[in-house]
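Engineer: Here's a structure for you.
Derivation of every value follows stated rules applied to the coordinates shown; laboratory data play no part. Treat the numbers as computed from the prediction; the structure is a model and nothing was measured. Counting neighbours? That spans all protein chains shown, and the Cβs are built from the backbone with ideal geometry, glycine included.
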Amino acid sequence: MSFPKEFLWGGATAANQCEGAYQEDDRGLANVDTIPYGEDRFPVMLGLKKMLECDTEHFYPSHDAIDFYHRYQEDIKLFAEMNMKCYRFSIAWTRIFPNGDDETPNEKGLDFYEAVVDECLKYGIEPLITICHFDAPIALIKKYGGWKDRHMIDAFMKLCHALFTRLNGKVKYWLTFNEINMLLHLPFMGAGIYFEEGEDKNQVLYTAAHHELVASAKAVKLAHEMMPNAMVGCMLAAGQFYPYSCHPQDVYKGMERDRDNYFFIDVQARGEYPVWAIKRMEKLGVNIDITSEDTKLLQEGTVDFISFSYYASRCVSADPEINKQNAKGNAVFSAVKNPYLKASEWGWQIDPLGLRITCNTLYDRYQKPLFIVENGLGANDTVEEDGIHDTYRIDYMREHIKAMDAVINEDGLPLLGCTFWGIIDLISASTGEIKKRYGTIYVDKQVDGSGNLERKKKDSFVWYQKVIESNGTIL
Ligand code: BG6
């Protein structure tokens, strides 16, 4: 095992899943705040049920989350103790622009993120900022219908300008949109989109996608202009689709499903729509208003590196009967159960070699440096008298680190780093609660909202600390 000495070993979180304090210091309401826990969660995330306010009938664990907003110093101190070299976190858009298009930014929001950055720098931890991790201001959703409308681009650019101005010289690594392809799968969570009756879904989704792609390109361009040393990446919810069999129809289906996701990265990395995507949109009767300025911007704003989340591979068949055997838990990326793989308690199929395959596919396609910005195991941990013995998580991380080693040393690919997801327990995006924990740091917070928020080191904390200390040689 040998990793480059500058390899960025780290951990990742997202604002709406860890900060809490959802109304403090003039923070405005966002889509991520109105998605409740419970049976309405999926219909709301899918944009099928409109919920633009919070109510007393529903429970919203993310409103308090793990209170990172008040405990960031304690948490970053633990990250430093774990030897983390990089911390990926996101910005709550409405802390900076409570209504999305306010005249001036909210200084209290900027102060908070600058303080988080300074705290990282104090310990020599490289900050990696996701500008938008699923957040969209509710005020803009009410006014424009979220990313359906081109006005969102200007609002997003205001956010970028405020962040680049305040954090210039302190932050090198930036990501524009977290899991940008989530827009097609969970439109309200991914892009603040809900569907009006009779609306053509494909038209809405691809229009919104175009707006995000232009916004992303503009953000890359602005970052390069304002911060010449900045490295800006795209971010894909990755995981190769395997054909269920070698039947050509299954292979074709796998390619099609992969393309749903590569659609975004093809544009962000290459600067133009691939021909197949234009044909696909024509076939769907989708008509996008792509201006000549948009075309130019897409070319000028290509990303410096490809970042992605990888938890599992996916499997698909062309046979509807086989496809019905859904892998439990894969509600977002519906996939067939792969008979060769074990799965997590939530049905996510564990496949370290799939990480190596995904890295190689992405590099073959784009030839840009790669960055794994999410990976990890969601599990229901038990606190025992003598600690939290999450050997299953250590096993998962170890096997995926071995795959990274192969990617670097056997395949020769440029891999910048890996920030493990939910390095400190936080609220799950899909389930909306905290039972599904990813952390190496346990947080005393329970599904019913109880708990004293105390932080405890799991066995995986001590293990990961040594992994980083030895630069991946002791696993
Ligand atoms: C990614 C998201 O989809 O996966 C995170 O970027 C999310 O926000 C993570 O939390 C894990 O998914 P989940 O549903 O287990 O929280």
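Engineer: Classify the stretch 28-170 from the C-alpha gyration tensor, please: rounded if a/c falls under 1.5, else prolate or oblate depending on whether a/b exceeds b/c.
Structural biologist: oblate
Engineer: At a Cα cut-off below 18 Å, give the lysines reachable from K283, other chains included and same-chain residues fewer than 8 away excluded.
Structural biologist: K201, K253
Engineer: Would you calculate, for the chain, the mean residue ellipticity at 222 nm contributed by helices, counting each DSSP H stretch of 4 or more residues as -39,500 (n - 2.57) and dividing by all residues, to the nearest 500?
Structural biologist: Result for the chain, helices only: -12000 deg cm²/dmol.
Engineer: May I ask for the net charge around E196, where only other residues with Cβ less than 12 Å from the Cβ of E196 are counted and Lys, Arg are +1 while Asp, Glu are -1?
Structural biologist: Neighbour charge sum, excluding E196 itself: 0.
Engineer: Can you give the extra length, in nm with one decimal, that the chain gains between Q299 and Y252 once fully stretched, where that is 0.36 nm per residue apart less the Cα-Cα distance?
Structural biologist: 14.0 nm
Engineer: Can you check how the C-alpha radius of gyration of the stretch 63-136 compares to 2.2 N^0.38 Å, as a plain ratio?
Structural biologist: The stretch 63-136 yields a ratio of 1.16.
Engineer: Quick one: in the stretch 405-475, what % of C-alpha pairs are over 16 Å apart? Mind showing how you got there, number by number?
Structural biologist: Numbers: 1480 of 2485 pairs.
Of the Cα pairs, 60 percent sit more than 16 Å apart.
Engineer: Stretched out fully, how many nm does the piece from D25 to N168 gain, at 0.36 nm a residue minus the Cα gap?
Structural biologist: The D25-N168 span can extend by a further 49.2 nm.
Engineer: Using a Förster distance of 45 Å, how high is the FRET efficiency between M157 and E384, based on the Cβ-Cβ distance and rounded to 0.05?
Structural biologist: 0.35
Engineer: If I model a spin label as a point 7 Å beyond the Cα along the Cα-Cβ vector, how far apart are those points for K466 and S2 in nm?
Structural biologist: 2.3 nm
Engineer: Arranged from highest to lowest average of other beta-carbon atoms within 10 Å per residue, in what order do the peptides 55-65, 21-31 appear? If you can, show how the numbers build up before the last one.
Structural biologist: Numbers: 55-65: 16.5, 21-31: 19.5.
Result, highest mean Cβ count within 10 Å first: 21-31, 55-65.
Engineer: Among DSSP beta bridges whose residues both lie in the stretch 8-470, state the antiparallel percentage, nearest 5. Mind dumping the intermediate values first?
Structural biologist: Numbers: 10 of 45 bridges.
Antiparallel bridges: around 20 percent, rounded to the nearest 5.
Engineer: State the extension gain, in nm to one decimal, for the chain segment bounded by Q367 and D118, taking 0.36 nm per residue of separation less the distance between their alpha-carbons.
Structural biologist: 86.3 nm
Engineer: Enter the mean projected area of the convex hull around the alpha-carbon atoms of the stretch 8-470, in nm², rounded to one decimal. Walk me through the intermediate numbers first.
Structural biologist: Working: hull surface 84.2 nm².
Dividing the Cα hull surface by four gives the mean projection, 21.1 nm².
Engineer: Would you mind telling me the antiparallel percentage of the DSSP bridges in the stretch 324-457, rounded to 5?
Structural biologist: About 75 percent, rounded to the nearest 5.
Engineer: Among the lysines, select those whose C-alpha is under 24 Å from the C-alpha of K5, and discard any that sit fewer than 8 residues away in the same chain.
Structural biologist: K77, K85, K122, K170, K172, K368, K402, K466
Engineer: Also, quick follow-up: Please find the FRET efficiency linking V275 to S450, where r is the Cβ-Cβ separation and R0 is fixed at 60 Å, and quote it to the nearest 0.05.
Structural biologist: It comes to 0.65.
Engineer: Rounded, prolate or oblate: which one fits the stretch 333-475, using the alpha carbon gyration tensor with axes a ≥ b ≥ c (rounded when a/c is under 1.5, else prolate when a/b beats b/c, else oblate)?
Structural biologist: In terms of gyration-tensor shape, prolate.
Engineer: For C54, C132, what ranking results if the residue with the fewest other Cβ atoms within 10 Å of its Cβ goes first?
Structural biologist: Starting with the residue having the fewest Cβ neighbours, the order is C54, C132.
Engineer: Normalized C-alpha radius of gyration of the stretch 188-334, against 2.2 N^0.38 Å?
Structural biologist: 1.17
Engineer: Using the Kyte-Doolittle scale, which helices in the chain average at least -0.5 and also have C-alpha atoms spread 30 Å or more along the helix axis, with helices defined as whole DSSP H runs? Write out the running numbers ahead of the final one.
Structural biologist: Values: long enough: 201-226 (37 Å, -0.05).
Passing helices, by number: 201-226.
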